[in-house]
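Visitor: Take this structure first; my questions come after.
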Amino acid sequence: MFELKVITDFAAAHQLRNFRGNCEKLHGHNWKVEVILSGDKLNEAGLLIDFREVKETTDGILKELDHSFLNDLPRFKNENPSSENIAAYLFEKLSGELNDNHLKVTKVTAWESDSACASYSG
């Protein structure tokens, strides 16, 4: 099984509802996103998938989140935009765009700081 990882980033603000602590206040992060894909078959060029294709697809999805107030986005109107929920959201979107018979998004990690992250895998 082959595995590859692409890392990209976005900046956004959020606040956590029904939470007692600093994160209930409006604040922002420079998020880092790690996308891991795996597959059992390489293409004719000897690649699982072109890194550029994964980065462009990821960045296309992140445009919706970048420099936004995440709580205002439809996905997060009734769900907290926590690192966990952001990772799950990105996993679902990326899986829908990149998965095929030989390639699967296996994990997405959303880093809100250098020392705190959450991952979602399907």
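What follows draws every value from the coordinates through simple rules; no lab data is involved. Predicted model, so just to flag it, every value in this text is computed and none were measured. Reconstructed Cβ throughout: ideal geometry from the backbone, glycine too, with neighbour counts over all protein chains shown.
Visitor: Would you mind stating whether Glu44 is under 18 Å from the mean Cα position of the chain (by Cα), part of a loop (DSSP other than H, G, I, E, B) and not aromatic (Phe, Trp, Tyr)? Give the derivation first.
Guide: Values: under 18 Å from the mean Cα position of the chain (by Cα): no; part of a loop (DSSP other than H, G, I, E, B): yes; not aromatic (Phe, Trp, Tyr): yes.
Spelling it out, it is not the case that Glu44 is under 18 Å from the mean Cα position of the chain (by Cα), part of a loop (DSSP other than H, G, I, E, B) and not aromatic (Phe, Trp, Tyr).
Visitor: Is it the case, given these coordinates, that Asn30 is of a type outside the set (Lys, Arg) and farther than 16 Å from Cys117 by Cα? So that I can check it myself, show each step before the final result.
Guide: On the way: of a type outside the set (Lys, Arg): yes; farther than 16 Å from Cys117 by Cα: no.
The answer is no for Asn30.
Every residue, every condition in (1) farther than 17 Å from Glu97 by Cβ; (2) touching a residue at least 60 places away in the same chain (Cβ under 8 Å); (3) of a type in the set (Lys, Arg); (4) surrounded by fewer than 15 Cβ atoms within 10 Å (Cβ to Cβ), yes or no:
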| residue | (1), (2), (3), (4) |
| --- | --- |
| Gln15 | yes, no, no, no |
| Leu37 | no, yes, no, no |
| Gly46 | yes, no, no, yes |
| Ser68 | yes, no, no, no |
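Visitor: Right, Gly122: loosely packed, with under 13 Cβ neighbours inside 10 Å and not in a helix (DSSP H, G or I) or not?
Guide: Details: loosely packed, with under 13 Cβ neighbours inside 10 Å: yes; not in a helix (DSSP H, G or I): yes.
Considered against the rule, which asks whether it is loosely packed, with under 13 Cβ neighbours inside 10 Å and not in a helix (DSSP H, G or I), Gly122 comes out as yes.
Visitor: Of (1) under 21 Å from Met1 (Cβ atoms); (2) touching a Leu at 6+ places or on another chain (Cβ under 9 Å); (3) of a type in the set (Phe, Trp, Tyr); (4) buried (at least 19 other Cβ atoms within 10 Å of the Cβ), Phe76 satisfies all except one. Which?
Guide: Against the list (1) under 21 Å from Met1 (Cβ atoms); (2) touching a Leu at 6+ places or on another chain (Cβ under 9 Å); (3) of a type in the set (Phe, Trp, Tyr); (4) buried (at least 19 other Cβ atoms within 10 Å of the Cβ), Phe76 comes up short only on (1).
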